[in-house]
């Protein structure tokens, strides 16, 4: 089973005087890259929340948002009276206006409001943790569903690669015969006497140099291993990426040794399918 690194999770908890919302979004990344947005009053808990998110999501570029909305009479924000008066006095010296207009302008300036930091009570923090757990469950479910789509696509492309490899195997005897015929014709066109035994030895050496038996066997094994890894219990994106590299190495070697246009056309198709796998592989956890 594989998981995607793309996902979204959200959960809302309603307290008597506050509404707490947790949102988590993730995209693909080589490691965990977590960006957290939360009110300053909750920063003391940031490291603990980050650790929980990292342990659950493992990899990805993650955006975590904690939003707290006051829904009751409770508020810790107060007008900074001294700052507002000073702003009004400065505004009055450079512009005409009544006190109400000047106050409206002054309240838009920095430090016009002040918030007294309060410790988070235990019940509120438990609510935040609850919201976080639900949001993590939601994003992991999302990732699992996206992973199923990726897994189906990978299986189809691996099956196609296996079919193309079988076509290569079926074509190989014809390729060897064509290469042999081409060499014999080239020697015949020289209009010179050639030692038959020596020619046969050189021909065997040449054909062995372009033999792709080992590459066919290794490629078949790599494709089987890729399919087997797809079915493992854990999501192994990095492991699948390494196997993809080995698959590409064998396909490239077959292409360089083929020396036969019809087989090279099959190799191009194999490279195209593998490239599509690699593109999708960037999203696998």
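A few notes on this one:
- Considered as a group, the residues in the range 140-159 that are in contact with a helix residue (DSSP H, G or I) (Cβ under 9 Å, 6 or more places away or on another chain) and more than 15 Å from residue 278 (Cα to Cα) include one that is surrounded by the most Cβ atoms within 10 Å (Cβ to Cβ), and that residue is 143.
- Selection status of residue 72, exposed (fewer than 11 other Cβ atoms within 10 Å of the Cβ) and either modelled with pLDDT of 95 or more or not in a helix (DSSP H, G or I) (or both): yes
- Single match in 132, 160, 165 (criterion: assigned to a helix (DSSP H, G or I), in contact with a strand residue (DSSP E or B) (Cβ under 8 Å, 6 or more places away or on another chain) and either at pLDDT 95 or above or more than 30 Å from residue 220 (Cα to Cα) (or both)): 132
- Whenever a residue of the range 16-27 is surrounded by fewer than 19 Cβ atoms within 10 Å (Cβ to Cβ), its partners that are modelled with pLDDT of 90 or more and not in a strand (DSSP E or B), lying with C-beta atoms within less than 6 angstrom and at least six residues away or across chains, give the pairs 27/6.
- Check on residue 137, at pLDDT 85 or above, surrounded by fewer than 14 Cβ atoms within 10 Å (Cβ to Cβ) and closer than 20 Å to residue 37 by Cα: yes
- For the range 51-60, filtered to residues that are free of Cβ contacts under 8 Å to residues at least 40 places away in the same chain and more than 20 Å from residue 122 (Cβ to Cβ), the residue that is surrounded by the most Cβ atoms within 10 Å (Cβ to Cβ) is 54.
- Where residue 240 falls short, out of the listed (1) touching a strand residue (DSSP E or B) at 6+ places or on another chain (Cβ under 9 Å); (2) on the phi > 0 side of the Ramachandran plot: (2)
- Top-ranked residue of the range 170-180 - restricted to ones that are modelled with pLDDT of 90 or more and exposed (fewer than 15 other Cβ atoms within 10 Å of the Cβ), ranked as nearest to residue 282 (Cα to Cα): 170
- Residues that are loosely packed, with under 11 Cβ neighbours inside 10 Å and either at pLDDT 80 or above or out of contact with any strand residue (DSSP E or B) (no Cβ under 6 Å at 6 or more places or on another chain) (or both) were ranked within the range 75-89; the one that is farthest from residue 104 (Cα to Cα) is 75.
The values are calculated or read from the model by the stated rules, or taken from the named source; none is laboratory data. Since the model is a prediction, treat every value here as computed from it, not as a measurement. Quick reminder, even Gly has a Cβ in these numbers, built from the backbone with ideal geometry, and neighbours come from all protein chains shown.
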